[in-house]
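One structure is given below, encoded as C-alpha cells.
The values are calculated or read from the model by the stated rules, or taken from the named source; none is laboratory data. Small disclaimer: the values here were computed from a predicted structure and weren't measured. Here the Cβ positions follow ideal geometry from the backbone for every residue, glycine too, while neighbour counts run over all protein chains shown.
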C-alpha cells in the first residue's frame with residue numbers, strides 16, 4: 001500500500017509535542033512492514049539544515065486564488081529510512097515557530113495547497129492520504145471537491161486522525177477540523193476511550209453531534225512508543241543503564257536526579273511531571289495537594305512551560321517548600337529522560353487526555369504512573385485495586401484534588417512496600433506499547449477507507 005502521511009511537525013526535523021513522535025514512528029513501522037510510505041511536512045527553521053543538505057530538491061508551483069506561487073521541496077531521510085518531503089516557502093515557512101504565528105491559518109492553507117500540487121504534479125501517487133489535526137484537515141474536503149476533475153485524486157482515500165479535539169485552529173470562524181470529520185473516508189483518534197468520549201457533550205467540544213453522525217467511521221487506535229528511541233538499556237541521557245535483568249541499577253538515576261535538581265535525600269518517593277503547564281493536564285490538582293507531599297516526605301519535580309499562573313504557583317511552592325518542590329520551566333529532552341529514569345512516580349491527573357505518551361515512557365523507564373481514568377490513561381494504566389497481580393499504576397475517576405490525593409496516598413503506601421512496588425515497576429516495563437499492534441490497526445483502517453470509496457486495495 002502507498003501511504004502519504006501529512007503532519008505539521010515530524011521528529012527530528014521539528015518537534016513541539018507528541019504529534020512529531022507519531023509522524024516519525026508510525027510511518028517507520030509501516031515501512032518496516034513492507035509498505036511504500038512517505039511523509040510531507042513544512043520546512044520550519046529547525047528543518048532548514050536538513051533541507052539545505054538534501055540532494056533531492058525540486059521546484060513546486062502551488063496554485064492559489066489569483067496567481068500561483070513558487071515553492072521548493074526537498075526529500076530527506078526520516079526515521080527508519082522513510083522519505084520526508086520538506087516544503088519550503090520563503091514567506092509562509094522557514095520560521096522558528098511551528099505554531100503561534102499570526103498568519104497560521106494562511107500558512108497551513110498554503111501547506112495543504114502544496115500537497116494538492118504534489119499529488120497532481122508528481123509521479124508518486126498514494127492510495128491513502130493520512131491527515132493529522134487541523135493543519136492538514138482541509139485536504140479531506142479537497143480530495144472530495146477536486147476529485148470530480150482529477151482521476152488521480154479520485155483514486156486516493158483520506159484517513160483523518162484527531163490528536164486533540166480541543167485544538168481546532170486559530171480562527172473561530174474557520175473550523176477546518178469539522179471539514180475533515182465530515183469529509184474524511186475514515187476518522188481515528190489516538191485511543192479507544194477518547195474515541196468514545198468525544199461522542200459525548202462532556203468531551204465533544206461542541207462537535208459531538210457531527211461526530212455522532214460519523215460514528216460508524218470513527219475508531220480509536222492507541223499511539224505507540226518508539227522502543228528504540230526510548231530505551232533505558234542504552235539511553236545516553238541517563239546516568240545508569242538498566243533493564244528488567246538489573247533493575248537495581250535504576251537507583252543510580254534516582255540519586256542523580258536529586259543531585260541535578262539539588263534536592264535532599266528524603267524517605268518518600270520522587271514524583272515527576274513532564275508536561276505542558278495547563279489546567280488540561282491537572283497541574284492545579286497537584287498544586288492543591290502539596291501538603292500531602294510534605295506529609296509523605298515525597299518530592300515533586302516538574303518540567304514544562306505553559307500558563308503563567310500555574311508557573312507562578314509552582315515557583316511559590318518551590319520557595320515555600322525548598323526540600324519538596326522543583327520546577328524546571330523549559331523544554332529539556334535530556335532532563336525529561338532523567339526524570340523518567342529517576343522518578344518513582346509519574347503524575348498525569350488530566351482533565352482529559354486523548355492518549356498521552358508520558359505514562360508509556362514512564363512505564364518503559366520504571367516510573368509508576370498515577371493518572372486519571374480518561375482517554376488513553378484509562379486504556380494503558382492497570383490499576384492496583386482492580387488487578388493486583390497485573391497492575392502497573394494507579395487510577396482515579398473524579399477530577400478533584402481530593403480524588404488525586406487518594407490515588408497519590410495509595411501510591412506512597414505501595415512505594416513503602418518494596419516487593420509490591422517492584423512488581424508494579426516490572427509489570428509496567430514488561431508491557432508492550434510499541435507501534436507493532438497500532439500500525440496493524442491503521443492498516444485495517446486504510447483498507448476500510450479505500451473500500452468506502454469503492455477502491456479495492458492491493459493485498
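The table below lists the values:
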read-out	value
Of the criteria (1) farther than 21 Å from residue 138 by Cβ; (2) at pLDDT below 95; (3) surrounded by 15 or more Cβ atoms within 10 Å (Cβ to Cβ), which one residue 55 fails	(3)
Selected residue [buried (at least 19 other Cβ atoms within 10 Å of the Cβ), at pLDDT below 95 and not in a strand (DSSP E or B)] from 366, 356	356
Residue identified as assigned by TED's automatic domain parsing to the domain that holds residue 169 and outside any strand (DSSP E or B) among 57, 48	48
Complete set of residues in the stretch 58-76 that are farther than 29 Å from residue 35 by Cβ and buried (at least 16 other Cβ atoms within 10 Å of the Cβ)	69
Residue 39 assigned to a loop (DSSP other than H, G, I, E, B) and in the same structural domain as residue 116 (by TED's automatic domain parsing)	no
Pair list, Cβ under 7 Å, 6 or more apart: the stretch 192-204 residue more than 13 Å from residue 374 (Cβ to Cβ), other residue buried (at least 21 other Cβ atoms within 10 Å of the Cβ)	199/211; 204/198; 204/211
Criterion: in a helix (DSSP H, G or I), crowded, with 21+ Cβ neighbours inside 10 Å and in contact with a strand residue (DSSP E or B) (Cβ under 7 Å, 6 or more places away or on another chain) - qualifying residue of 414, 439, 407, 391	407
Any chance residue 400 is more than 30 Å from residue 188 (Cβ to Cβ) and buried (at least 23 other Cβ atoms within 10 Å of the Cβ)	no
Meets criteria (touching a residue at least 12 places away in the same chain (Cβ under 8 Å) and more than 17 Å from the chain's Cα centre (by Cα)) for residue 317	yes
Residue 422 part of a helix (DSSP H, G or I), at pLDDT 95 or above and in the same structural domain as residue 363 (by TED's automatic domain parsing)	yes
Elements of type helices (runs of 4 or more DSSP H) contained in the stretch 77-147, each with 1 or more residues being free of Cβ contacts under 8 Å to residues at least 40 places away in the same chain and surrounded by fewer than 16 Cβ atoms within 10 Å (Cβ to Cβ)	104-121, 138-146
Every pair of residues 6+ apart whose Cβ atoms lie under 8 Å, when the first sits in the stretch 163-179 and is on the phi > 0 side of the Ramachandran plot and assigned by TED's automatic domain parsing to the domain that holds residue 189 while the second is crowded, with 16+ Cβ neighbours inside 10 Å and outside any helix (DSSP H, G or I)	169/175
